[in-house]
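Presented below is the structure to which this report refers.
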Amino acid sequence: MSKNKYLSVFTLATTEQRKANFKDYWEFTQQHGGELFELDRDLAIKRARLKYFQENPVNLKKPLVNPDAFYRNYVEMQDDPKSLDHMTLLLTGMYKFARHEWVGIKGAWDSVPDMANSHSIEDKISRVHLAEEFCHVRLFDEMLKTCGLDKVEWVPLTPFKEKIYEQFPKFPGFLMDTPAFVTELMGVTYYCHLSTMIDKIFVDEPEVCARLQELLDEITIDEVAHVGQRRNFIGPIGMKVSKALVKPFYTMFFNDMPEIGELFDVEQMIKDGLAFDFNQLPEHMIEKSWIPSYCIA
Ligand SMILES: [Fe+2]
Ligand SMILES: [Fe+2]
């Protein structure tokens, strides 16, 4: 972890630089995920990795104290979050975050062109990006199973809300690109804080802790690449807009999940989002991920 190797994710870039970076990202993403299985919304390398985890499961030595509390609160919080133990809060919060992601990508998958109809490099990148997001939901599901939660359902939102999510990717780029970038940034910020919290909460379960970190790494490595990739869609004005969106977006999103405010420091997450420059990420993640050329010092 050397300091100042990378620059702020909000660093400006010229149209030429961005064009070259799209090309570079497209090369990277094909290597990284392997073959796209469009019908399954899956990628070969990610599928193999998940299979490895599933075939070599790790379990809690001491089962969850109160799985009923998880199942009662994971879709909607019913109890006073202060009455719940930290492990339950961590897991219900993680599910809620992943569920939002799942709803968003489900809507997008059906409304953007499939690979056969993707003619620009940006469209192709976006198709693979969505397939990766579906892999993340499977990895989150595996994280929950590792904690003994094998009855988790991925519950859709109300039909009206689902429709809104479906419209989002059809918006023109100048409206869609900045929130899409800030959402990815919010993901990386949350996953970094989540990783620290997993170490704390699973301190007496070293094997499960290590497995959860491995699963989360798989997700975070992709998300770091998504941050750079989505940033690459944005010109100088959009960069200012994005920076201004960090605080309201993070606040709105995390306020919706009571367990996040209970367990995490949302103010610090906002600060981390605004200051994000890749330097705080461990080397083993950087090696497998992707960073735009203009963010390298
Ligand atoms: Fe994701
Ligand atoms: Fe992402």
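A short reminder: the numbers here are calculations on the coordinates, not readings from a lab. What you are looking at is a predicted structure, and each value in this text was computed from that prediction instead of being measured. In this analysis, Cβ positions are derived from the backbone assuming ideal geometry, glycine residues included, and neighbour counts consider all displayed protein chains.
Observations on the structure shown:
- In Hz, Karplus ³J(HN,Hα) per residue of segment 84-94 (6.51, -1.76, 1.60; θ = phi - 60°; x = Gly, Pro): 9, 6, 5, 5, 4, 4, 4, 6, 5, x, 5
- Candidate aspartates and glutamates - alpha carbon under 15 Å from Lys124, same-chain residues fewer than 8 apart omitted: Asp24, Glu27, Glu35, Glu38, Asp42, Asp110, Asp114, Glu132, Glu133
- Exposure proxy for Ile260, Ile164, Ile219: other Cβ atoms within 10 Å of each Cβ, ordered fewest to most, give Ile164, Ile219, Ile260.
- Counting only alpha carbon atoms, the long axis of helix 236-255 and the longest principal axis of the chain meet at about 10°.
- Amide H contacts under 5 Å for Leu43, placed H, 5+ residues apart: Phe37
- Rounded to the nearest 20 debye, the dipole size of segment 117-239 about its Cα centre is 540 debye, using +1 on the Cβ of Lys and Arg and -1 on the Cβ of Asp and Glu.
- Sites matching GluC sites (Glu not before Pro) across segment 143-215 that sit in DSSP coil, with at most 13 neighbouring C-beta atoms within 10 Å: Glu153
- Packing-based exposure ordering (other Cβ within 10 Å, fewest first) of Cys147, Cys135: Cys135, Cys147
- Residue pairs, from the table Lys96/Lys163; Lys5/Lys240; Lys62/Lys145, whose Cα atoms sit over 21 Å apart: Lys5/Lys240
- Helix 206-231 and the long axis of the chain differ in direction by around 20°, with both axes built from C-alpha atoms.
- Test item: Cα-centred dipole of the chain, Lys/Arg +1 and Asp/Glu -1 on Cβ, debye: 660
- Cβ-based charge dipole, the chain, positive-most Cα from Ala48, Leu175, Asn279: Leu175
- Cα centroid separation - segment 154-202 against segment 86-116, whole Å: 7
- Neighbour-count order for His100, His129, His226, His86, fewest beta carbons within 10 angstrom listed first: His86, His100, His129, His226
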